[in-house]
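This report refers to the structure that appears directly beneath it.
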Amino acid sequence: MEYLHIMNVLVAYFEEKSKYLKSSTLWSVYSMLKSTLNIKENINIEKYTKLIALLKRKHDGYLPKKSKILEMTELEKFINEAPNEDYLMIKTALIFGLCGACRIQELRDIKTEDVIDRGDVIVITISYTKTKKPRTYCVTEVHWIDIIRKYMSLRPNTEIKRFFLFYSKNKCTRQPVGIHSFGSMPSKIATYLKLENPKDYTGHCFRRSSATALSGNGVDLTTLKRLGGWKSSTVAEQYIEDSLGAKINIANKLLPQNNPQPQPSTSTSIPQGSSTSQPSSSFNVSNSSTIHNVQLLQDKDLPNINFSHSHLENCTINFNFQ
């Protein structure tokens, strides 16, 4: 009886809450109540099937509002064209957030010792994450590295450990950047790019844009989960939104591919008497990354022939020896 009484009370409670709370908020309240009742009263409400059925029914047809994403072309335009005098700090945060699929809390908590410049690569460690599991990622693009270095060079000599400090007019202050400032950065980027409804680009924009760009480039889900620190594949997939580039790629795959045109012959004749003073059956191919369907017959009397050109693919090479 006590079991039914508690379940009916909770069902009535959530029925009332559903009149003004969204489905996602109802599930958050359920999660908090589940933990509290389990710890304080040793009551497991996961077994309350009537309550679970109510929450699932309220979730039907619900479409959560998600942050809009920034396409890579838009991100590159902002990084390349926005003046550093006003946007250097935002550019640096954008690069950090994009390369590491970062949450705004993670950007806020990055410390100076978490950013290591190794010359041709900048290594960034996210020490404090939502999943309590640190992760590390890299920035390798030369221009992006230069932007990060310029911002780092302007940071004052201070005891403040947080990496991001407020920036204006080519100067950094001693005030750390707060979480709400990070949350407003995507909207400022969208405003600069003159995109529609810039307020729809919220704090999750960097994380969702990173996941979408990686997915559009063919990165598998395991790699995506490792970068973003997601434990669940279902959760990771929720951050992926088909970008325009991905949709164009899909559309192109629907079109019949043209028959390949015959390529001009690339056969090479080796004139008689071109053998070296030390015959060998070895063939050396340098600087080649795509060599397919090449068969070489070895013979002790064959000369040593070196291929110095790369990108040999599906070609026929005839050797005529007399």
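The values are calculated or read from the model by the stated rules, or taken from the named source; none is laboratory data. Just so you know, these numbers come straight off a predicted model, no measurement behind them. Cβ placement follows ideal geometry from the backbone for every residue including glycine, while neighbour counts extend to all protein chains displayed.
Figure legend. Inter-residue proximity from segment 123-144: first residues more than 14 Å from residue 112 (Cβ to Cβ), second residues surrounded by fewer than 11 Cβ atoms within 10 Å (Cβ to Cβ) and at pLDDT 90 or above, beta-carbon distance below 8 Å, spacing 6+ or different chains. Indicated pairs: 140/120; 143/80. Candidates in segment 24-60 are the residues that are within 12 Å of residue 10 (Cα to Cα) and hydroxyl-bearing (Ser, Thr, Tyr); of these, the one that is surrounded by the fewest Cβ atoms within 10 Å (Cβ to Cβ) is 49. List every residue pair whose Cβ atoms lie under 7 Å apart, where the two residues are 6 or more positions apart in sequence or sit on different chains, the first residue falls within segment 183-200 and is farther than 15 Å from residue 104 by Cα, and the second residue, located anywhere, is among the acidic types (Asp, Glu) and at pLDDT 90 or above. Pairs found: 193/74. Quick check on segment 138-191: of everything there that is surrounded by 18 or more Cβ atoms within 10 Å (Cβ to Cβ) and of a type in the set (Phe, Trp, Tyr), which residue is farthest from residue 74 (Cα to Cα)? So the residue we want is 163. Checking the stated criteria, residue 46 turns out not to satisfy the condition of being outside any loop (DSSP other than H, G, I, E, B) and within 25 Å of residue 212 (Cβ to Cβ).
Of the residues 92, 25, 36, the single one that is in a helix (DSSP H, G or I) and under 30 Å from residue 194 (Cβ atoms) is 92. Contact annotation: no residue pair with Cβ atoms under 7 Å, 6 or more positions apart or on different chains, pairs a residue in segment 163-182 that is at positive phi with a partner that is part of a strand (DSSP E or B).
Search segment 151-183 for residues being assigned to a strand (DSSP E or B) and of a type in the set (Lys, Arg), and hand back the single one that is nearest to the chain's Cα centre (by Cα).
Step one: filter segment 151-183 for residues assigned to a strand (DSSP E or B), giving 162, 165-168, 171-176.
So of that shortlist, the ones also of a type in the set (Lys, Arg) come out as 162, 171, 174.
Working: 162: 23, 171: 30, 174: 31 Å.
Checked segment 151-183; the qualifying residue nearest to the chain's Cα centre (by Cα) is 162.
If you take the residues in segment 1-14 that are of a type outside the set (A, V, I, L, M) and exposed (fewer than 13 other Cβ atoms within 10 Å of the Cβ), which one is farthest from residue 65 (Cα to Cα)? That would be 2. Summed over segment 95-114, the residues that are closer than 19 Å to residue 166 by Cα, under 18 Å from the mean Cα position of the chain (by Cα) and either at pLDDT below 90 or assigned to a helix (DSSP H, G or I) (or both) give a count of 7.
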